[in-house]
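One structure is given here, and the rest of the page talks about it.
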């Protein structure tokens, strides 16, 4: 067992961080309207670094985790995960997120795998997060020989993303708690706040460790599936704690605190649906 | 990170599983084992002796002290296997994992050479006299006094919640040796044979299914040579001890066994639906996180880096997991989950763990203490 990150994925993460530097989630439209955060220019920048076709070699799985964590820290669009690991937008059941053009194939979750499918968008569905979710019908679908590898890469990147998202959320909250003065001292000095953030820290570290275990050589499929069954809920608890400690200020849209919370819940619901469809 | 096991680690765990199978008849004949809901609280001198005979105690100690020269991580990997097989581990955990670790680091060479080899052979069992009626998680409030008179300390006071005192050969005692020093100073650590005049033990049954003890100390004379660490410098020794105590991979092993058993029971009775599968998968994911957090803390101890907040995470993660898994097991099994005894679903362990799990966020430092350690030392919150 080695608890430090190997050089190659660590260096890739640094490169990806550079490409994401300065990028901010776009201003969103009114809540409860449809919007798609996919950013073609950002996608081009990360693809130029090699963030693509990550299912082709099992040795790239650690890159999925390390890169996913950087995307999560940036709250980058989930489309970047899907396209790099699945080869297209993710479709499960009767929904697709971040769909491309009408001729672009999507990755359709199927038992134990993903296949490539052509779909027809029926309705744009306003959703909790900027995932560009659409209800769709499948026009045609065919299996791909490396569908299971794509699914594993997607799970690894999603776990990494959840770690990055949760870590960002915790760090911002620790910083807020250290600077916000109430009751004659910083929030950070209050035992109730300390207890809540200790739980969050345990969750963040746990998510990171199960993400890396999911790509460690020789692990059965159940390892990433169990990790993905737990980690999204744990990330949601972290982001809920972020809201609680930020207090009313986080409730205002301009604070941005809610972005990680909505993204965590969005990732959670999609992960649960993928696990069901691929069982 | 590469969190897969190496070939030698896999082999070590397979050997440990074989050992567990070999002592199974000893366990099944023991009524306390049948009703014990928390494997780490259960005890058996017979199992401890077998552990010693087969070389499973003191894996991280050097061969000259009776060990195998492996790491704490290796020992922790094995402890998870022991947990999966529900070995009663109290003597092992006290004598090797926690007190043994402190003796290895802080005892005089003479004391270490005298005590560690018989511990490793399974011939000497320690209990730990930390908590008192007025000092539980607030260990610094302890008031058992040790007054030096010539070559001995004379100890008077009372310990409580002491595991395995009814079986132990020696006791590891936290005592106050200075009445004038501030709270966390003025504490020292002594070791003494349990047959020393003036030591009395009273057992009382607990919700977990076993017993805990009160230990009464009345004019107990302990040689000054039995001091562990420096006089009035015991707090450092105690904190070091707790870092080891708080790594609880054996609990994760017990939970994994329970989840496997619940799944099997539901499948055999046609009740393993999608909702149950999803709940079990999420709990297995949480168990994986708790297991890896424990392994990481053990790895940190092996590397000699500050591990207090990592060990606190291991303790908190394991304790919460036990409570959530036990509750889920009873909910999923329904009335089958309330049944106790070897003929019941999952051997009655769901109900047993539900009872015993109450103590998991209390013993060894309450969950709230672990949270403070994580917040202050890990996150720097002040």
**Prompt:** Rg and Dmax of the range A:52-141, using alpha carbons, in Å: what are they?
**Reply:** 13.4, 39
**Message:** Distance between the C-alpha centers of the range B:324-378 and the range B:234-252? Whole Å please.
**Reply:** 20 Å
**Asked** Between the range A:147-180 and the range B:259-287, what is the C-alpha centre distance in whole Å?
**Response** 27 Å
**Prompt:** Is the range B:231-316 best put as rounded, prolate or oblate by its Cα gyration tensor, with a ≥ b ≥ c the root eigenvalues, rounded for a/c under 1.5, and otherwise prolate when a/b is larger than b/c, oblate when not?
**Reply:** prolate
**Point-to-point label distance, residue B:362-residue A:10, nm (Cα→Cβ direction, 7 Å offset)** = 4.4 nm
**Asked** Where in the range A:87-109 does the amide nitrogen come within less than 12 Å of the point 7 Å from the Cα of residue A:125, taken along Cα to Cβ?
**Response** A:91-98
**Message:** Give me the percent relative contact order of chain B, please, defined on Cα pairs under 8 angstrom at least 6 residues apart.
**Reply:** 17 percent
**Prompt:** Hey, what does the equivalent ellipsoid look like for the range A:89-201, semi-axes from the Cα gyration tensor as sqrt of 5 times each eigenvalue, largest first, whole Å?
**Reply:** 42, 17, 9
**Message:** Rg/Rh for the range B:246-378 to two decimals, with Rh computed the Kirkwood way over all alpha-carbon pairs.
**Reply:** 1.04
**Request:** Return the distance in nm (one decimal) between the two label points of a simple spin-label model at residue B:264 and residue B:230, each offset 7 Å from Cα along Cα→Cβ.
**Result:** 5.4 nm
**Item:** Percentage relative contact order, chain A, counting C-alpha pairs under 8 Å, at least six apart
**Value:** 19 percent
**Item:** Candidates B:169, B:302, B:195, ranked by Gaussian network fluctuation over chain B, Cα under 10 Å, top entry
**Value:** B:195
**Request:** Compute the Rg to Rh ratio over the range B:128-232 from the alpha carbon atoms, using the Kirkwood formula for Rh, and round to two decimal places.
**Result:** 0.96
**Asked** Cα atoms only, the range A:184-240: Rg and Dmax in Å?
**Response** 15.0, 54
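Work out, in µm²/s and without decimals, the Stokes-Einstein translational diffusion coefficient of chain A at 4 °C, 1.567 mPa s, Rh from Kirkwood over C-alpha pairs.
In µm²/s, the coefficient is 68.
Could you tell me which of rounded, prolate or oblate describes the protein assembly as shown, using a ≥ b ≥ c as the square roots of the eigenvalues of the alpha-carbon gyration tensor, with rounded for a/c under 1.5 and, failing that, prolate when a/b is larger than b/c and oblate otherwise? List each step's numbers first, then the result.
Working: a/c = 2.26, a/b = 1.79, b/c = 1.26.
Judged from the Cα gyration tensor, the protein assembly as shown comes out prolate (a/c at least 1.5, a/b above b/c).
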**Asked** Which whole number gives the average, over all residues in B:291-297, of C-beta atoms from other chains lying within 10 Å of the residue C-beta?
**Response** 4
**Prompt:** Percent relative contact order of the range B:246-378, based on C-alpha pairs within less than 8 angstrom and at least six residues apart?
**Reply:** 30 percent
**Message:** What does the extension gain come out to for residue A:58 and residue A:244, with contour length at 0.36 nm per residue minus their alpha carbon separation?
**Reply:** 63.0 nm
**Request:** At 0.36 nm per residue, minus the direct Cα-Cα distance, what do residue B:18 and residue B:180 gain on full extension? Give it in nm, one decimal, please.
**Result:** 53.0 nm
**Item:** Max mean-square fluctuation residue, GNM over chain A, Cα-Cα springs under 10 Å, options A:195, A:211, A:235
**Value:** A:195
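Coordinate-derived values only; no laboratory data. Given the structure is predicted, the values throughout are model-derived calculations rather than measurements. As a convention, Cβ positions derive from the backbone with ideal geometry for all residues, glycine included, and neighbour counts pool all protein chains shown.
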